[in-house]
Structure formats: C-alpha cells, structure tokens
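Down below is the structure, laid out as structure tokens.
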Amino acid sequence: MKRKAVILIGLIAVLIILFVVYLTSPGRLEKVEIVEKYYPHFSDGKAVGFKTNEVIDVTETEEGSNCAMKFNNGENVGNRL
C-alpha cells in the first residue's frame, strides 16, 4: 500500500511539472488559418493561387515547382527563395 502511494505521488508530481512547463513555454504554437493554397501551374518557378489566381514565385526541385500556402498571419510557407 505504501509503495502504491509513493508511485501515485511521483506520477502526480511529474504531471504538475509537465503542466507548469507547458504553461510557461515560450514556444507555444500560434493558431492560424490557411488563407490561400498555391499550386505550380507549369515548371517555371511560379505557382497560382487556388481561390485568387494570384501568381507567386516558388522554389523548384528536381521534380518541378513546389506548392505553397499563405496563412492569416501573413506567413507564406513553401516558397522560400
């Protein structure tokens, strides 16, 4: 019985420590929404927006141009030049 109580107290202590680390972590993730998705139209280093038809420059790989996404915080992912 005493052994079970020590294990329970230890697990509760670990849970509290993890909760405190989670709450004080500066690297918490920001919730964002995808505003636009860009798909490569041709292999010319350009991608076209699905909704807006906006054309942006994207990086190219051996397989062709990359896709990209625009988020509501202003970040574009996939078109790192």
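The values are calculated or read from the model by the stated rules, or taken from the named source; none is laboratory data. Treat the numbers as computed from the prediction; the structure is a model and nothing was measured. Counting neighbours? That spans all protein chains shown, and the Cβs are built from the backbone with ideal geometry, glycine included. What goes into the accessible areas is simple: the full protein's heavy atoms, side chains included, and nothing from ligands, DNA or RNA. Shrake-Rupley method; radii C 1.70, N 1.55, O 1.52, S 1.80 Å.
For the chain, the solvent-accessible area of protein heavy atoms averages 85 Å² per residue (probe radius 1.4 Å; ligands and nucleic acids excluded). Shown here is the pair-distance distribution of the chain: with all Cα-Cα distances grouped in 5 Å bins from zero up to the longest one, the shares run 3, 14, 15, 12, 8, 7, 6, 7, 7, 6, 6, 5, 3, 1, 0 percent. In this label model, K2 and D44 are separated by 8.1 nm, measuring between points 7 Å along each Cα→Cβ vector.
Take 9-21, 57-69 and order them by the average number of nearby Cβ atoms within 10 Å per residue, most first; the result is 57-69, 9-21. Remark: the range 1-45 projects, on average over all directions, an area of 6.8 nm² (convex hull of Cα atoms). Label-to-label distance for T24 and N53 is 5.5 nm, based on points extended 7 Å past Cα in the beta-carbon direction. To the nearest ten degrees, helix 2-24 and the longest principal axis of the Cα atoms of the chain are 30 degrees apart. With every protein chain in place and a 1.4 angstrom probe, the accessible-area ranking of E33, E54, E75, largest first, reads E33, E75, E54. If you count Lys pairs in the chain whose Cα atoms are under 23 Å apart, skipping same-chain pairs closer than 8 places in sequence, the total is 7. Ignoring any ligand, DNA or RNA, what whole percent of the accessible area of the chain comes from carbon and sulfur when the probe is 1.4 angstrom? Of the solvent-accessible surface of the chain, carbon and sulfur hold 63 percent.
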